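The values are calculated or read from the model by the stated rules, or taken from the named source; none is laboratory data. Bear in mind that the values here come from a model prediction, so they are computed numbers and not experimental data. Here the Cβ positions follow ideal geometry from the backbone for every residue, glycine too, while neighbour counts run over all protein chains shown. We work out accessible area using only protein heavy atoms, side chains counted, and drop any ligands, DNA or RNA first. Shrake-Rupley method; radii C 1.70, N 1.55, O 1.52, S 1.80 Å.
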Amino acid sequence: MDREALEHSLARRLLDHIEHRTTDLADGVLELPTDIYSAAHHDEEMQALFYDQPMVLCLSGALPEPGTYRTIEICGTPLLLTRDDDGRVHAMVNACRHRGVRLADGAGEAIRFTCPFHAWTYDLCGGLVRYPFPAGFEGMDKNDKGLIQLEVTEGYGLVVGRLRPGPPIDIDEYLGPELAGELSLLDFAGWLPHGEPHVHRVAANWKVTLDTFRENYHFNYLHKKTLSTYAVGGVLTFDAFGRHLRNASALRSIVELKDRPESEWADVAQHFSYQYALFPNTSLTFDTRHIELWQIVPIDAATSEVVHTAYLRPGLSDEERSKAVDMAPWICETVVDGEDFWVAARSEPGVRLGMLDTVMFGRNEPAPQHLHHGFTEVLEAARAARAGQAPQAGQAAQGAR
């Protein structure tokens with residue numbers, strides 16, 4: 001399928017839903033125990049979902065050229081990402097091997113990184129190249145004291161890595177062939193960050209925060225004076241790609257296509273947005289001008305952070321750039337902070353009182369259902385591995401349901 005065929009297909013589905021007052025549906029209602037927000041469950045999730053799983057670290061445009069770097073921190077792990085002179089991406093623990101001091105901050109261009117404490121110096125690949133007073137470290141092999149390397153891979157505009165040492169990552173295996181093909185159609189590897197990432201502190205469990213991104217059932221209520229004025233609430237397409245997924249959400253302007261022949265539809269993507277969830281914690285929202293990268297990070301059982309980075313499409317006209325730049329603070333502050341994350345925080349202390357036994361996801365919320373099934377499957381597999389036995393076929397999936 002080419003990009004035009006994909007976009008026309010999604011537009012037809014959305015128009016059909018709007019006309020018939022329907023939406024994509026899950027097979028049934030999902031009811032989950034509020035224990036999934038407990039401290040014990042949080043500790044399990046950190047290991048199984050965040051330390052043992054690959055995840056999106058940034059988009060390729062965050063390291064736009066050879067000799068560039070970017071520092072990020074996810075789940076308390078400080079990372080130094082670099083693109084070496086050959087264009088290859090590296091992910092390393094951002095800590096000097098001498099005494100653990102953070103080497104770098106922010107992003108930019110670099111040839112080497114020098115520790116501010118004792119001037120131990122590392123190259124773009126993490127190798128230790130010099131340290132003062134070598135006689136004081138007689139017997140140390142400097143080849144063994146490079147920065148701690150973490151597995152990382154790049155493809156389809158994504159940089160995907162691990163927070164702990166683990167097996168190599170195959171980007172095609174991580175995404176699956178269908179999603180890899182679709183992301184290649186979107187061709188966003190050259191889109192560049194606009195400004196610095198914005199970190200939102202949210203007084204809610206990370207899954208509560210994540211779930212606010214995965215349905216628009218709430219648009220007509222929570223966002224009735226904001227998003228609902230230009231986006232259609234309660235209408236969403238849902239497509240699964242392994243544990244990942246894609247939603248498409250319609251803008252109100254999509255009705256302009258209703259009575260036109262498809263040959264006259266022109267730029268269909270201006271009437272809806274692509275919204276991807278990449279397992280376990282990443283949300284990507286696309287429109288014709290920019291990408292919003294949202295990385296939902298657990299802090300403790302009742303607190304999360306969301307790292308938000310906007311990427312702009314190269315070659316935007318002054319008018320398009322101005323529109324994207326002007327809209328970003330409104331989305332970030334008024335809608336997301338002021339409404340989504342405000343309501344997420346109001347789940348506390350309700351979900352941990354001990355009196356609310358379950359939370360529910362309706363059939364009209366297939367995307368959060370899909371993600372929670374995936375979380376449960378991974379946790380069940382980790383528990384089985386700890387117990388020294390493989391889960392029986394279908395056991396993990398059945399447990400999620």
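Observations, loosely collected:
To keep it simple, each residue is scored yes or no on (1) aliphatic (A, V, I, L, M); (2) in contact (Cβ under 8 Å) with a residue 60 or more places away in the chain.
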{"site": "84", "(1), (2)": "no, no"}
{"site": "90", "(1), (2)": "no, yes"}
{"site": "110", "(1), (2)": "yes, no"}
{"site": "117", "(1), (2)": "no, no"}
{"site": "139", "(1), (2)": "no, no"}
{"site": "144", "(1), (2)": "no, no"}
{"site": "163", "(1), (2)": "yes, yes"}
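- Taking first residues from the stretch 5-21 that are surrounded by fewer than 18 Cβ atoms within 10 Å (Cβ to Cβ) and partners that are among the β-branched types (Val, Ile, Thr) and part of a helix (DSSP H, G or I), the Cβ contacts under 7 Å between residues at least 6 apart in sequence or on separate chains come to 8/268.
- Per this entry, residue 321 is counted among residues that are open to solvent by 20 Å² or more (accessible area, probe 1.4 Å), touching a strand residue (DSSP E or B) at 6+ places or on another chain (Cβ under 9 Å), modelled with pLDDT under 95 and of a type outside the set (A, V, I, L, M).
- Every pair of residues 6+ apart whose Cβ atoms lie under 6 Å, when the first sits in the stretch 339-356 and is within 14 Å of residue 302 (Cα to Cα) while the second is surrounded by 15 or more Cβ atoms within 10 Å (Cβ to Cβ) and of a type in the set (S, T, N, Q): 344/209; 344/212; 351/34
- Hey, residue 316 aliphatic (A, V, I, L, M) and either open to solvent by less than 30 Å² (accessible area, probe 1.4 Å) or under 30 Å from residue 21 (Cβ atoms) (or both) or not: yes
- Residue selected from the stretch 357-371 under the condition open to solvent by less than 20 Å² (accessible area, probe 1.4 Å) and of a type in the set (A, V, I, L, M), by the criterion nearest to the chain's Cα centre (by Cα): 371
- Extreme residue, farthest from residue 207 (Cα to Cα), among residues of the stretch 22-39 that are part of a helix (DSSP H, G or I) and in contact (Cβ under 8 Å) with a residue 60 or more places away in the chain: 39
- If you check 335, 343 for being open to solvent by less than 30 Å² (accessible area, probe 1.4 Å), hydrophobic (A, V, I, L, M, F, W, C), modelled with pLDDT of 90 or more and outside any strand (DSSP E or B), only one passes: 335.
- Taking every residue in the stretch 373-401 that is closer than 16 Å to residue 37 by Cα and open to solvent by less than 40 Å² (accessible area, probe 1.4 Å) and pairing it with any residue that is at pLDDT below 50 and in a loop (DSSP other than H, G, I, E, B), at least 6 positions away or on another chain, the pairs with Cβ-Cβ distances below 7 Å are 373/401.
- Selected residue [closer than 18 Å to residue 5 by Cβ, open to solvent by 10 Å² or more (accessible area, probe 1.4 Å) and aliphatic (A, V, I, L, M)] from 248, 240, 266: 266
- The set of residues in the stretch 161-194 being more than 18 Å from residue 68 (Cβ to Cβ) and touching a Ser or Thr at 6+ places or on another chain (Cβ under 9 Å) consists of 163, 164, 168, 169, 170, 171, 174.
- Residue 40 vs. criteria among the hydrophobic types (A, V, I, L, M, F, W, C) and exposed (fewer than 14 other Cβ atoms within 10 Å of the Cβ): yes
- The stretch 219-232, subset free of Cβ contacts under 8 Å to residues at least 60 places away in the same chain and touching a strand residue (DSSP E or B) at 6+ places or on another chain (Cβ under 9 Å), residue most open to solvent (accessible area, probe 1.4 Å): 221
- Residues considered: 104, 95, 110. Of these, the only one that is surrounded by fewer than 19 Cβ atoms within 10 Å (Cβ to Cβ), within 29 Å of residue 304 (Cα to Cα) and among the aliphatic types (A, V, I, L, M) is 95.
- Residue in the stretch 206-218 that is open to solvent by 40 Å² or more (accessible area, probe 1.4 Å), in contact with a helix residue (DSSP H, G or I) (Cβ under 6 Å, 6 or more places away or on another chain) and of a type outside the set (D, E, K, R) present: no
- Single unsatisfied condition, residue 22 versus (1) more than 30 Å from residue 232 (Cα to Cα); (2) more than 22 Å from the chain's Cα centre (by Cα); (3) among the hydroxyl-bearing types (Ser, Thr, Tyr): (1)
- Of the residues making up the stretch 172-187, those that are open to solvent by 30 Å² or more (accessible area, probe 1.4 Å), acidic (Asp, Glu) and in contact (Cβ under 8 Å) with a residue 60 or more places away in the chain number 1.
- Here residue 156 fits the description: at pLDDT 95 or above, surrounded by 16 or more Cβ atoms within 10 Å (Cβ to Cβ), at positive phi and not small (Gly, Ala, Ser).
- In the stretch 47-86, the qualifying residues are those that are farther than 16 Å from residue 306 by Cα and assigned to a helix (DSSP H, G or I), and the one that is most open to solvent (accessible area, probe 1.4 Å) is 47.
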